[in-house]
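The values are calculated or read from the model by the stated rules, or taken from the named source; none is laboratory data. As the structure is a prediction and not an experimental result, all values here were calculated from the model. We place every Cβ from the backbone using ideal geometry, glycine too, and count neighbours over all the protein chains shown. SASA here: full protein model, heavy atoms, side chains in, ligands and nucleic acids out. Shrake-Rupley method; radii C 1.70, N 1.55, O 1.52, S 1.80 Å.
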Amino acid sequence: MKITVGQDKCCGAGTCVLLAPDVFDQRDEDGIVVLLDEAPPAELHSLVHEAASVCPAAAIAVSS
Amino acid sequence: MTLIVGASAAGLATAEALRRKGYTDPLTILGAEPHLPYDRPPLSKQVLSGSWEPAKAQLRSAEALAALDASLVLGDPAVHLDVAERAVHTASGRVLKAENIVLATGLRPRTLPGQPTLRTLDDALALRGDLLKCSRAVVVGDGVLGAEIAATARQMGVQVTLAGPQQAPMALQLGPVVAGLLGDLHTSHGVELRLGAAVTGVEESGVRLETGEVLPADLVVVAFGSAPATEWLRDSGLRLDNGIVCDSRCRAAEGIYAAGDVARWHHETLGTSVRLENRTNATEQAIAVAGNILGADEPYTPVPYFWTDQFDAKIHVHGFIGPDVSIVEGSTAERRFVARYHRDGELVGVLGWNMPKQARLHRQEITRSCRATVAASAPGGA
């Protein structure tokens, strides 16, 4: 799994952090997404896909 | 086979959630517009201002859409639903039958004949062209969309007047305190506010208010609300009441579900029926619908959330704006704060102004206490 985040698209909702806090975080100053783990373990893949789908700014892309 | 009517955020998210949850039957997504699924919140901001190419607002790459293994039928609006046959008839004469049908047709903006509005990508590009040519614009509508268009137009160098009946922009969505600050923000950037008076008409020279005043304009942008796009369902037999009326599982009839702006469903935690016009609801409700199609039989009970970006302000709202407000982090003076909203002593909402992460961290507490809130209305944002 390869995750990419578009920080210029991110709106700072934090939906991804709510779903997968081991993979995503937000910058303290402006809430923009920070990718903590570019290649998370298999047990997190389903949550990462959900985070990408639910992101209200379509800022997360996942490829296998 | 599942047919999803609507190819925007809610429709696409339904398809994605079905696949993620293991659904292997054929999927069809029917869209009224000719474009590949695109996102709407950037339309009034980055697309309107020109800082994004329209393609950047696309929701998914071609690769991601292909991986979805869904048939995309675009540019063909649905015109009739046959509930008994579970079939959708389209403008071009197609008849699409499915075991499950998801209605995600979104909103139709209220319009004034001959005046531009903004709902679709084509609307945004046309409005951008109009703004580039105009010298003085009046935006009619003091809700989220009107305030965002006014801010973007002002940043494009246009003289802008924002008109609407409320005392401050987005007063309904933000409450009086923060709406007042938003009004100040607009004023400080040179937007002229003409609020607190209803617009009675558009004339050759501008916009007439109920006070008799005429606001001069060579462009009038209409952003005073929208209605659920349900006119095509009028003869379907489905119950329509400011949206498609659904049970707590977002089900309108056997095998027929609704998601996103168009759905009014019974929110079990709030104990009332709710329709949310915001971007996050589109995807969250879509995921709930996908689960229920696959037999989850779970109620959909979200904490509402929306955000808006205007000038340098990023405003995030979780839950509901209650009557009692307290600033718990930062300060309004430095234009960076978190406000918590209580009703009858219970935390019902949190608002962040340029503090998205900090606001989000309060969200869990709302989840616990939202029960106390009566959601008379839950107006939208992005």
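Structural remarks
- Segment A:45-56, residues that are of a type in the set (G, A, S) and more than 8 Å from chain B (Cβ to nearest Cβ): A:A51, A:A52
- Meets criteria (within 12 Å of chain A (Cβ to nearest Cβ), crowded, with 16+ Cβ neighbours inside 10 Å and in contact with a helix residue (DSSP H, G or I) (Cβ under 9 Å, 6 or more places away or on another chain)) for B:L59: yes
- Annotation: of all residues in segment A:16-31 being more than 8 Å from every other protein chain (Cβ to nearest Cβ) and open to solvent by 10 Å² or more (accessible area, probe 1.4 Å), the one that is nearest to B:L65 (Cα to Cα) is A:C16.
- Residue match in segment B:124-147 (condition: in contact (Cβ under 8 Å) with a residue 40 or more places away in the chain, of a type in the set (S, T, N, Q) and farther than 29 Å from B:T28 by Cα): yes
- Exclusive hit being modelled with pLDDT of 95 or more, touching an Asp or Glu at 6+ places or on another chain (Cβ under 6 Å) and among the aliphatic types (A, V, I, L, M), set B:L107, B:L131: B:L107
- Filter result for B:G93 (out of contact with any strand residue (DSSP E or B) (no Cβ under 9 Å at 6 or more places or on another chain) and away from every other protein chain (no Cβ under 14 Å)): yes
- B:A359 vs. criteria touching a Ser or Thr at 6+ places or on another chain (Cβ under 9 Å) and either within 11 Å of chain A (Cβ to nearest Cβ) or at pLDDT 95 or above (or both): no
- With respect to the conditions (1) over 25 Å from B:A171 (Cα atoms); (2) open to solvent by 60 Å² or more (accessible area, probe 1.4 Å), B:L65 falls short on a single one, namely (2).
- Qualifying strands (runs of 3 or more DSSP E) (wholly inside segment B:38-105; at least 1 residues being within 30 Å of B:C246 (Cα to Cα) and free of Cβ contacts under 8 Å to residues at least 12 places away in the same chain): B:87-90, B:95-97
- Qualifying residue in segment B:29-52 (condition: modelled with pLDDT of 95 or more, in contact with a strand residue (DSSP E or B) (Cβ under 6 Å, 6 or more places away or on another chain), under 21 Å from B:A252 (Cβ atoms) and surrounded by 16 or more Cβ atoms within 10 Å (Cβ to Cβ)): yes
- Exactly one residue out of A:A59, A:A39 is touching a residue at least 24 places away in the same chain (Cβ under 8 Å), in contact with a strand residue (DSSP E or B) (Cβ under 9 Å, 6 or more places away or on another chain) and within 11 Å of another protein chain (Cβ to nearest Cβ): that is A:A59.
- Among all residues of segment B:254-268, there is none that is open to solvent by 20 Å² or more (accessible area, probe 1.4 Å), aliphatic (A, V, I, L, M) and on the phi < 0 side of the Ramachandran plot.
- Candidate set: segment B:291-305, residues that are more than 9 Å from chain A (Cβ to nearest Cβ) and out of contact with any Asp or Glu (no Cβ under 8 Å at 6 or more places or on another chain); chosen: the one surrounded by the fewest Cβ atoms within 10 Å (Cβ to Cβ): B:G295
- Test: residue in segment B:329-342 that is modelled with pLDDT of 95 or more, aromatic (F, W, Y) and within 27 Å of B:A263 (Cβ to Cβ): yes
- Within segment B:240-253, the set of residues being open to solvent by 10 Å² or more (accessible area, probe 1.4 Å) and in a loop (DSSP other than H, G, I, E, B) comprises B:D241, B:N242, B:D247, B:S248, B:R249.
- Any hit, segment B:173-190, residues being closer than 25 Å to B:A333 by Cα, open to solvent by 30 Å² or more (accessible area, probe 1.4 Å) and within 22 Å of the chain's Cα centre (by Cα): yes
- In segment A:1-15, the residues that are among the aliphatic types (A, V, I, L, M), more than 9 Å from chain B (Cβ to nearest Cβ) and over 9 Å from the mean Cα position of the chain (by Cα): A:M1
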